[in-house]
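Derivation of every value follows stated rules applied to the coordinates shown; laboratory data play no part. Just so you know, these numbers come straight off a predicted model, no measurement behind them. A quick note on method: Cβ atoms are made from the backbone with ideal geometry, for glycine too, and the neighbour counts reach across all protein chains shown.
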Amino acid sequence: MKASAIVPAGGSGSRLGLKTKKPFVALGGKPILYYAIRALEREGSIDEIIVAAEKSQVGRAKNLVRRFGFRKVKSVVAGGSTRTASVKNCLDAVTGDPDVIVIHDAARPLVSGRMIRESIRLASKYGACVAAVPESDTVKLGDPAGFIRKTVDRRNLFRAQTPQAFRTSLLRRAYKSYGAGRKVTDDASLLEGAGVRVRILPGSYRNVKITTKEDLKMAEALL
Ligand code: CTP
Ligand code: MG
């Protein structure tokens, strides 16, 4: 089983609202981006990692790779204006004909090795998988006037995370036919749109996505 990894780190972190671009904001004394790369680098079945960084941050990301001695990072490419565009650019830089491609956001530094391995296993078995946790809040559907329309049954609701992993052929096909212009916030949506059945991989509530300053504090505490 050969796998390649893609790390979308091409966002600026506008909701975090700091001067430093989110992937380079310090967490436990190291840039947020460091953790995702480290977790992927440790996996024996992953032999290359492609990182997307914002155009102006490509040099900075390359320095990070050098500074921490990450040997599997084969290229740092310029991201696009959306996450999907950034992943697309990474996909174009994947070499080595992997069976599976695992995609993991730089914004989720607390991913475990178990979850990465499990994503690769499930992708090779089912074709596509996404880490997700059951929704634990009561979920309401609102209306534009600011009132509740109804309460949604949460029993089958999940919050999608990364890693998300796919058979290379399926991912390439989905990006070819659906990639351009469609507004989605993760990769599994593209495959769902193409009619692929996506397997749910039990994620973790620890695997937080750093979006706001509160998330940053939470991640510090969980580190
Ligand atoms: N991402 C990317 N290219 C973009 C936008 C986002 O590679 N054009 C990456 C981010 O770097 C992040 C992941 O996709 O690792 C998830 O995005 P998000 O958490 O929304 O990060 P940002 O877009 O940077 O934050 P914000 O939406 O608050 O600006
Ligand atoms: Mg964003």
query = Tell me, what ³J(HN,Hα) does each residue in the range 137-148 have, in order and in whole Hz, if you take phi through Karplus 6.51 cos²θ - 1.76 cosθ + 1.60 with θ = phi - 60° and put x for Gly and Pro?
reply = 7, 6, 9, 10, 9, x, 10, x, 7, x, 10, 6
note = Simple SL model, points at 7 angstrom along Cα→Cβ for Arg173 and Ser81; separation in nm is 3.0
query = By counting other Cβ atoms within 10 Å of each Cβ, how are Tyr205, Tyr126 ranked from fewest to most?
reply = Tyr205, Tyr126
query = For Lys19, which lysines qualify as cross-link partners when the Cα separation must be under 22 Å and same-chain residues fewer than eight apart are set aside?
reply = Lys30, Lys55, Lys62, Lys209, Lys213, Lys217
query = Among Gly29, Gly44, Gly113, whose mean-square fluctuation peaks in a Gaussian network model of the chain (Cα, cutoff 10 Å)?
reply = Gly29
ask   = If we count other beta carbons within 10 Å of each Cβ, what is the order of Glu135, Glu48, fewest first?
value = Glu135, Glu48
key: Largest-first principal axis extents, alpha carbons of the chain, Å   = 52, 39, 33
ask   = Near the amide H of Leu27, under 5 Å away, which other amide H atoms are found, from residues 5 or more places off or on another chain, if H is placed in the peptide plane?
value = Ile32
query = Size of the dipole of the chain about the Cα centre, Lys and Arg at +1 and Asp and Glu at -1 on the beta carbon, nothing else charged, in debye to 20?
reply = 260
request  = Rounding to the nearest 20 debye, state how big the charge dipole of the range 118-208 is about its Cα centre with +1 on each Lys and Arg Cβ and -1 on each Asp and Glu Cβ.
outcome  = 280
note = Summed over the other residues with a beta carbon less than 11 angstrom from that of Pro23, with K and R at +1 and D and E at -1, the charge totals +1
note = Extend 7 Å from the Cα of Val184 along its Cα-to-C-beta direction; within the range 124-161, residues with backbone N under 19 Å of that point are 124-133, 158-161
task = Go ahead and run the numbers for FRET between Tyr205 and Asp97, Cβ-Cβ distance against an R0 of 45 Å, rounding to 0.05.
result = 0.80
message = If I model a spin label at Phe158 and Glu214 as a point 7 Å from the Cα along the Cα→Cβ vector, what separation in nanometres do I get?
response = 2.5
remark   = Check: C-alpha center the range 158-179 vs C-alpha center the range 20-44, spacing in Å is 23
task = Would you kindly state how much longer the chain becomes between Phe68 and Val133 on full extension, computed as 0.36 nm times their sequence separation minus their alpha carbon distance, in nm to one decimal?
result = 20.3 nm
inquiry  = Just to be sure I understand: with springs between alpha-carbon atoms less than 10 Å apart, which residue in Asn89, Asn156, Asn207 has the highest mean-square fluctuation in the Gaussian network model of the chain?
reply    = Asn156
remark   = Which of Lys72, Lys140, Lys213 fluctuates most in a GNM of the chain (C-alpha springs under 10 Å)? That residue is Lys140
ask   = Counting other C-beta atoms within 10 Å, which of Phe166, Phe24 has the fewest, and how do the rest follow?
value = Phe24, Phe166
